[in-house]
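Here's the structure, in structure tokens; my notes come after.
The values are calculated or read from the model by the stated rules, or taken from the named source; none is laboratory data. The model shown is predicted, which means the values in this text are computed figures rather than measured ones. We place every Cβ from the backbone using ideal geometry, glycine too, and count neighbours over all the protein chains shown. Remember, those area values only see protein heavy atoms, side chains included, never the ligands or the DNA or RNA. Shrake-Rupley method; radii C 1.70, N 1.55, O 1.52, S 1.80 Å.
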Amino acid sequence: MSYCLNPKCPNPSDPANSGKPACIHCGSELLLQGRYRLVAPLGSGGFGRTFEVDDNGTRKVIKVLLKEHPKAVELFKQEADVLVRLRHPGIPKVDRDGYFTFSPAHSTESFHCLVMEKIAGANLQDWLKHRGRPISEQQALNWLKQLSEILDQVHRLNYFHRDIKPHNIMCKPNGQLVLIDFGTAREVSATYFAKVGQGQNVTGIVSPGYTPPEQTNGKAVPQSDFFALGRTFVYLLTGKPPTAFPENPRTGRLMWRKGAPQVSDPLANVIDYLMAPFPGNRPQSPQMVLQCLEEINLDAAETQLPTQLPTTGQTKIRASSAGAGATKQSLMKRLRPLNSGLNKADKNVFDWKKKFLSGAAVLMLGIGASQIYGSMRYGLFPANPVWLLSSLPSSRFLERSLDNVGSVNAIALSPDGKTLVSASFGTIRMWNVKTGLLVRTLNGVHSKKSVKSLAVSPDGSIFASGGDDKNLILWDLKTGRRIRTIAAHQAAVNAIAFSSDSKTLATGSDDKTVRLWNTKTGSRLRTLAGHAGGVNAIALSRDGKTLASGSEDKTVRLWNLDTGEVRRIITGHGGAVNAVDFSPNGQLVASASNDNTIRLSNVRDGKRTRTFKGHSSWVRTIAFSPDSRTLISAGGEIIVWDLKTGKERATLSGHSQFVNSIAITKDSKTVVSGSPDCTIKIWRMP
């Protein structure tokens, strides 16, 4: 079918228009921009309408602004700008040419159009009504983490949403939440805060029960999103709108807890923390919310049988209290391993039973879920369990999973492959790769802010960490002792790389620079400036002559380390470059991007030699195997590519969230991956 977009067309839905380039009734174009064909109307409201469109076989949604109201046009264009810049599975995808204007035939009118990804599923308000009961605490933890990660992407681009509520959150069939309706989003700028500081009201967006007090008064700030997020979870956990609960007349806090008896105090404290009446008493960033959730997960893990037991017996717990600040208070205790009183033979039986029971539980849960889904979707129960088992994801390459390890931002392996270092929010952990046991925990590092990057020196003596506190810290790999703290950059340190002789260290930062450091003295050797966006990734060639840097500006720069000059600028990616790596022979540089691709380029002339396409979302990390046979890339999944054929050799699936860091042992036999899903997985190379 071809639906005519002209609002004055006498018969816009005439089936006779199917496949035609122009409407047979009004003459208006039916194939918009040469690619979009309207299929059917979806809804209308305010100044616009939405339609389902066909984009060369892919179904999408088009929003059309039918009235030239100045403020409506401003918000419409703003939504287009925000969505084009954001790339996350939890945000509707908009192509760079997704915004355009359309003029009907024989008309001087023009209509603003925005084509975006079609989100299958229901909004959370309709979803909960259909479900008929509140969500569980575990579901709340999962969804709150998803939404915090989505907001992290939005806030990092200096925007905040301003209208978070159940109606503006979609739930896909796979459980992925998607935040929609960015027409009310606002850019955080000096001009904006100047208006707020001078008492000027900014255009107000008010959703009763969800909008915070400061936003009702026209003075919204980024922390306003957290208030609305907390109120959203009050609705999801109680099944009642926030307006159904009274507020404490003295403190202004919502009295909602009795309506959610399934919620523990730690989670309730986090939700109250989000909904603090004063913005300064709420989390100041999505990362702070994620840290609170990580601590809840760590607390819960202490009451369960751990799959990997720490050798030091040290772990972290949180004291719970009625105040919202309880999630930020911590104390240390010793955790006695649950099987420490068993002899060796008993331990083997204990471990075998533990693995068998946990595996059986997961298997039965998967089969049960499949049966229920089959009943709901098709009106019958799938009868063949063999078919069900064959449909489960294979983990034949998975050798070990380290669980409840905190939200992993980065990992690094020692040269001998025996020690693994992982970074989380304000915490660094060191692991024995062979046994999977925790060797050491370094708490409160980088001013208790997010640790974003790690690297181990090739000589195996030290490792380095960088974080949101703008510092570079050098550590003794053997003892975990802090050697030196360097005020490295003017913004977060996103990437670290050592030279092959371990004498030089390079760092890349959100301040758009790369800096070189003397490892022994900590003195700065050189600053490499030129990127138009933050530096996300760096790599040093083995001969120590070339440095590659990947940036938010979508380019890879190759630098001559002897002179500090740019040797070559490699372009072609359609999104930010998240990772770079040199091939073992130094002839190729690989780059991974938000455009879901990996590119191989010749270092000598910068020409592209191959593009790997197969990821369904951002590619966040890459690594060449030392034997030069494969390239490993990771994002939503881990893909092993055959460098000789350019074909996919295997996909390693098992993480419940995206993978942001990988490492490969020197013998090319083992791959280690880290993820915000609070696990580290050790794989046998396919």
So what is the relative contact order of region 420-554, in percent, for Cα pairs below 8 Å that sit 6 or more residues apart?
14 percent
Taking the highest mean first, how do the peptides 660-666, 611-617 order by number of other beta carbon atoms within 10 angstrom per residue?
660-666, 611-617
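Cα-Cα over 31 Å: which of Lys478/Lys681; Lys67/Lys240; Lys258/Lys449; Lys60/Lys554; Lys449/Lys607?
Over 31 Å Cα-Cα: Lys67/Lys240; Lys258/Lys449; Lys449/Lys607.
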Cα-based reach from Lys165 at 13 Å (exclusive), listing aspartates and glutamates while leaving out same-chain residues under 8 positions away:
Asp126, Asp181, Asp225
With a Förster distance of 45 angstrom and the Cβ-Cβ distance between Val39 and Arg133, calculated FRET efficiency to the nearest 0.05 equals 0.80
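Report the FRET efficiency, 1/(1 + (r/R0)^6), for Lys607 and Leu31, where r is their Cβ-Cβ distance and R0 is 30 Å, rounded to 0.05.
Approximately 0.25, to the nearest 0.05.
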Treat each spin label as a single point 7 Å out from the Cα along the C-beta direction, and report the Asp81 to Thr435 distance in nm.
5.7 nm
Ranked by how many other beta carbons lie within 10 Å on average, peptides 619-625, 499-505 from highest:
619-625, 499-505
Might you work out the accessible area of Asp81 for me, using a 1.4 Å probe with all protein chains in place, and round it to the nearest 10 Å²?
70 Å²
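Given axes a ≥ b ≥ c from the Cα gyration tensor, I'd like to know whether region 445-564 is rounded (a/c under 1.5), prolate (a/b larger than b/c) or oblate.
Details: a/c = 1.90, a/b = 1.21, b/c = 1.57.
In terms of gyration-tensor shape, oblate.
Roughly how big is region 497-603's charge dipole about its Cα centre, with Cβ charges of +1 (Lys, Arg) and -1 (Asp, Glu), in debye to the nearest 20?
Details: 13 positive and 10 negative charges, 58 e Å.
With only Lys, Arg, Asp and Glu charged at Cβ, the dipole is about 280 debye.
Please list 48-60, 448-460, 524-536 highest first by mean number of surrounding beta-carbon atoms within 10 Å per residue.
On the way: 48-60: 15.5, 448-460: 21.0, 524-536: 17.8.
Averaged packing, sorted descending, gives the order 448-460, 524-536, 48-60.
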Work out the FRET efficiency for Ala487 and Gln262 from their Cβ-Cβ distance, taking R0 = 56 Å, and round it to the nearest 0.05.
0.75
Would you tell me the accessible area of Tyr3, worked out with a 1.4 angstrom probe on the heavy atoms of the protein chains, in Å² to the nearest 10?
30 Å²
Region 420-450 and region 1-60: distance between their alpha carbon centers, rounded to Å
55 Å
Lys/Arg +1, Asp/Glu -1 at C-beta; region 407-515 dipole; positive extreme among Ile462, Thr427, Leu472:
Thr427
